[in-house]
Amino acid sequence: MDFTIEFDKQQIESIENILQEELIDLGVQSVILMDLAGNVIVNLENGDSSHDVYSLAALAAGNYGAVSAMANIIGEQEFSLLFHKGEEESIHFSKVVEDLLLLTIFNKNVSLGFLRLKVAEAIKRIQVLI
Amino acid sequence: MALINPKKKEVQVKIVYYGPGRGGKTTNLEYINKKFKKRIQNEMVTVKTYGDRTLFFDFLPFDIGEIKGHSIKVQLYTVPGQVKYNATRRLVLRGVDGLVFVADSMDLRREMNIRSLQNLKENLETFNKSIFNIPLVLQYNKRDLEEEGIPILSTDTLQRDLNSRLKAPSFAASAVKGDNVAATMKKIIALTVGSLRKKLE
Ligand SMILES: Nc1nc2c(ncn2[C@@H]2O[C@H](COP(=O)(O)OP(=O)(O)O)[C@@H](O)[C@H]2O)c(=O)[nH]1
Ligand SMILES: [Mg+2]
């Protein structure tokens, strides 16, 4: 059995701290760091709601893969922003490194622009850890 | 790629049910979902097209308890069997740890089984994986059709067509009746998790 990315306990704790500081403290409902096989690596919730994160990760991995394949068909490497806007809640995906995605769920109290900024900062901090 | 979370002491294992369209993959998961309701915390997820066919995949997370102090979360997936959905099949195979190949025992489906197995082999190769050294179980499904007088392939024929080189464990099954559905699943979990044990020492 192969394990493409391995994390030790300390890495996971450091990643949790970053996601807490950059995103949860900002008002984001839920953050999932996942791989493209659909595995959940880290999940944090702000306590206001709880989601079925394993199913979300499975669907997000499929969705990301499908969108990437679409990008390839039209001659793009990838689409940098993946964002689904709902009436109340929205989902934002961002690539962290090859095979790793950061998924955030947030509501109307958080602006997309600010969220993107904070996601980018969190990703930069996570990249040096892995 | 099974994922180990050393902080939560949790392992996620991905098992994919593969096989020709209409062979009974989704029916396997539906049966497991009903039968093991207590161990399944979340709803089964199905991405369907018009007409009830699997478009993308079915997904069923399943807790199997603890091994060496780690809680094991098995994620069961199915692929869409129709030939035209190969791109989505490949997405679902990403990071697969164990496979169940669900063959359709109906006489008419003989060629389709062989082609689907060949397609699996090729798709695994695109991930640098070999069908010969990934945990694999074969299921010869729809055995119940015999009682209805519908011509089916003998298990010997199915073994010869599909398993002569693989020599994987195989089960004659009926997903609608539930015969050997749990046995198939238990076998693939045992094989897949068995390969993990060393890692968890
Ligand atoms: N008689 C019989 N029919 C089955 C069995 N398993 C599945 N089916 C039927 O075959 C059809 C296709 O099954 P489905 O699970 O959707 O196949 P999939 O395309 O492999 O996911 C459905 O009408 C099922 O009810 C079985 O063991 N016996
Ligand atoms: Mg199906």
Could you check segment B:135-152 and list, in sequence order, the residues that are open to solvent by 20 Å² or more (accessible area, probe 1.4 Å) and within 13 Å of the chain's Cα centre (by Cα)?
B:135
Six or more apart or on different chains, Cβ under 9 Å: which pairs go from a residue in segment B:20-39 that's away from chain A (no Cβ under 14 Å) and open to solvent by 100 Å² or more (accessible area, probe 1.4 Å) to one that's away from ligand 1 (no atom under 13 Å from the Cβ) and at pLDDT 95 or above? Could you list them?
B:35/B:182
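Mind checking which residues of segment B:57-72 are open to solvent by less than 30 Å² (accessible area, probe 1.4 Å) and within 16 Å of residue B:3 (Cβ to Cβ)? If you could, list the steps in order and put the result at the bottom.
We begin by selecting, within segment B:57-72, every residue open to solvent by less than 30 Å² (accessible area, probe 1.4 Å); these are B:57-62, B:67, B:70, B:72.
Scanning segment B:57-72 gives B:59, B:61, B:62, B:67, B:70, B:72.
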Has segment A:9-30 got at least one residue that is closer than 22 Å to residue B:76 by Cα and more than 11 Å from chain B (Cβ to nearest Cβ)?
no
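Taking residue B:118, is it surrounded by fewer than 20 Cβ atoms within 10 Å (Cβ to Cβ) and over 22 Å from residue A:34 (Cα atoms)?
Details: surrounded by fewer than 20 Cβ atoms within 10 Å (Cβ to Cβ): yes; over 22 Å from residue A:34 (Cα atoms): yes.
In short, yes.
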Would you check if residue A:93 is more than 27 Å from residue B:7 (Cβ to Cβ), in contact with a helix residue (DSSP H, G or I) (Cβ under 7 Å, 6 or more places away or on another chain) and not polar (S, T, N, Q)?
no
Among the listed residues B:79, B:11, B:74, B:83, which satisfies the condition of being within 12 Å of chain A (Cβ to nearest Cβ) and within 16 Å of ligand 2 (Cβ to nearest atom)?
B:79
With the requirement that a residue be small (Gly, Ala, Ser) and closer than 18 Å to residue B:117 by Cβ, what does segment B:134-174 give you?
B:154, B:164, B:168, B:170, B:172, B:173
Do any strands (runs of 3 or more DSSP E) entirely within segment A:1-116 hold 3 or more residues that are surrounded by fewer than 18 Cβ atoms within 10 Å (Cβ to Cβ) and of a type in the set (D, E, K, R), and if so, which?
none
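The values are calculated or read from the model by the stated rules, or taken from the named source; none is laboratory data. Just so it is clear, the model here is predicted, and its values are computed rather than measured. Every residue, glycine among them, receives a Cβ derived from its backbone with ideal geometry; neighbour counts consider all protein chains shown. Please note that ligands, DNA and RNA were not included when accessible areas were found on the heavy atoms of the full protein model with its side chains. Shrake-Rupley method; radii C 1.70, N 1.55, O 1.52, S 1.80 Å.
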